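Read-outs throughout are calculated quantities, based only on the coordinates presented, and are distinct from any laboratory measurement. All figures in this text were calculated on a predicted structure; none of them were measured in a lab. Positions of Cβ are generated from backbone atoms using ideal geometry, with glycine treated the same way; all protein chains shown enter the neighbour counts.
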Amino acid sequence: MNTTKIAVVGVTGLVGQMMLQVLQERQIEAEYFLFASSHHVGEKITVNGDEYVVEVLTETRVAEIKADFALFAAGAEVAQVWAPRFVAAGTTVIDNSSYYRMQPNVPLVVPEINLMTIKNHKLIANPNCSTIGAVVALAPLDRVFKIKRIVYSTYQAISGAGRNPKFKYQIENNVLPDIDVRLPDGNTKEEAKMIHETRKILGRTEIAISATAARVPVANCHCISVNVEFGRRLNLERVKQILSQAPGVVYCDDYAVPTEVSGHDEVYVGRVRLDISKPNTLNMWVVSDNLRKGAATNAVQIMESLLA
């Protein structure tokens, strides 16, 4: 029987390390090829009891290994150069960077929502970590009540900034409403990602969306306050029933916090209540592990669906 070959690019970063952890937890047996920057070449990493040596990417090596899948956790610049080379070698690439997400010919995938879009594609984009948590909760409600407008306010953990992050101000005892660079319209790139990616994943380009993204002094797990207006009349008990039955969602009668959610793959939804200021509008509190479901687990789930 042929052995599945899996390349992990950016294996020494937080997301790359989490990808290896999730792959092992899910007992995905494969031959692994581990790639990182030249600083890490020669390091040894054990996966499923087998020891592998970290390599640097070369065109010859990519063509030689002919991997079935490549999980990218190395940033937009690396993905831009190397993802097409893996695809040319016959590999299916699942990229965690922002580079391909909004390209119209590249599916942007959350398995609970739009897995059908990956058919016949060799390059698949993994969405932004906050976007994933939000849309897992919103998609089942959109199908029933049809979303008109969303207002996001995020409280994003330090782990979302990678290893040894640098901030404009100290993060300890602070809240920094300024994630990524500022765009001409006043939004940051992080806020723009949530706006445009939500529309693409839900297949609803007409939804009005506003976002404010803030970094908070929390180690892991992103939290989102979601205010969402629907085009159809709401029934709060029906909303709670839908969320309780939604794939990938843990509905909380009260609410969840990062210390409880860290290490879990589900999206936790609580504080669900009607917005008394506006008809057919809900408030929700959403918490998810940004390194797992927000990045590594979502990518591995996409790959699992293709393996199946």
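Numerical summary
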quantity: Around Asn298: net Lys/Arg minus Asp/Glu count, Cβ-Cβ under 11 Å; calculated: -2
quantity: The chain, relative contact order in percent, only Cα pairs under 8 angstrom and at least six apart counted; calculated: 18
quantity: Residue of Lys189, Lys148, Lys278 that the Gaussian network model of the chain assigns the largest fluctuation, springs spanning Cα pairs under 10 Å; calculated: Lys278
quantity: DSSP-defined antiparallel bridges as percent of all bridges, the range 129-290, nearest 5; calculated: 70
quantity: Of Asn283, Asn174, Ala256, farthest towards positive along the dipole that unit charges on Lys, Arg, Asp, Glu beta carbons give the range 160-308; calculated: Asn283
quantity: Folded to 0 to 90 degrees: helix 236-245 orientation relative to the chain principal axis, Cα; calculated: 20
quantity: Peptides 229-241, 131-143, 245-257 ordered by average Cβ neighbours within 10 Å, highest first; calculated: 131-143, 245-257, 229-241
quantity: Förster-model FRET efficiency, 35 Å R0, Glu77 and Arg204, C-beta, rounded to 0.05; calculated: 0.70
quantity: Beta bridges by DSSP in the chain, antiparallel share as percent, to the nearest 5; calculated: 50
quantity: Per-residue ³J(HN,Hα) for the range 9-24, Karplus 6.51 cos²θ - 1.76 cosθ + 1.60, θ = phi - 60°, Hz, x for Gly and Pro; calculated: 9, x, 5, 8, x, 4, 6, x, 5, 5, 4, 4, 5, 5, 4, 6
quantity: Furthest towards positive pole of dipole, Thr198, Pro165, Ser244, structure part the chain, Cβ charges; calculated: Thr198
quantity: Amide H contacts under 5 Å for Leu123, placed H, 5+ residues apart; calculated: Val93
quantity: Euclidean distance between Cα centres, the range 41-107 to the range 214-228, Å; calculated: 29
quantity: Total formal charge among the other residues, if their Cβ is under 14 angstrom from that of Val15, Lys/Arg +1 and Asp/Glu -1; calculated: +1
quantity: Computed magnitude of the charge dipole of the chain (debye, nearest 20; Cβ of K, R +1, Cβ of D, E -1); calculated: 1140
quantity: Helical mean residue ellipticity (222 nm; -39500 (n - 2.57) per DSSP H run of 4+; nearest 500) of the chain; calculated: -9000 deg cm²/dmol
quantity: Integer Hz, Karplus 6.51/-1.76/1.60 couplings in order for the range 35-43, x for Gly and Pro; calculated: 10, 7, 5, 4, 5, 10, 4, x, 5
quantity: Ranked Ile28, Ile201, criterion: other C-beta atoms within 10 Å, fewest first; calculated: Ile28, Ile201
quantity: Greater than 26 Å apart at Cα, pairs in Lys240/Lys278; Lys189/Lys293; Lys168/Lys293; Lys119/Lys200; calculated: Lys168/Lys293
quantity: For peptides 120-126, 6-12, 265-271, 161-167, sequence by mean Cβ density within 10 Å, most packed first; calculated: 6-12, 265-271, 120-126, 161-167
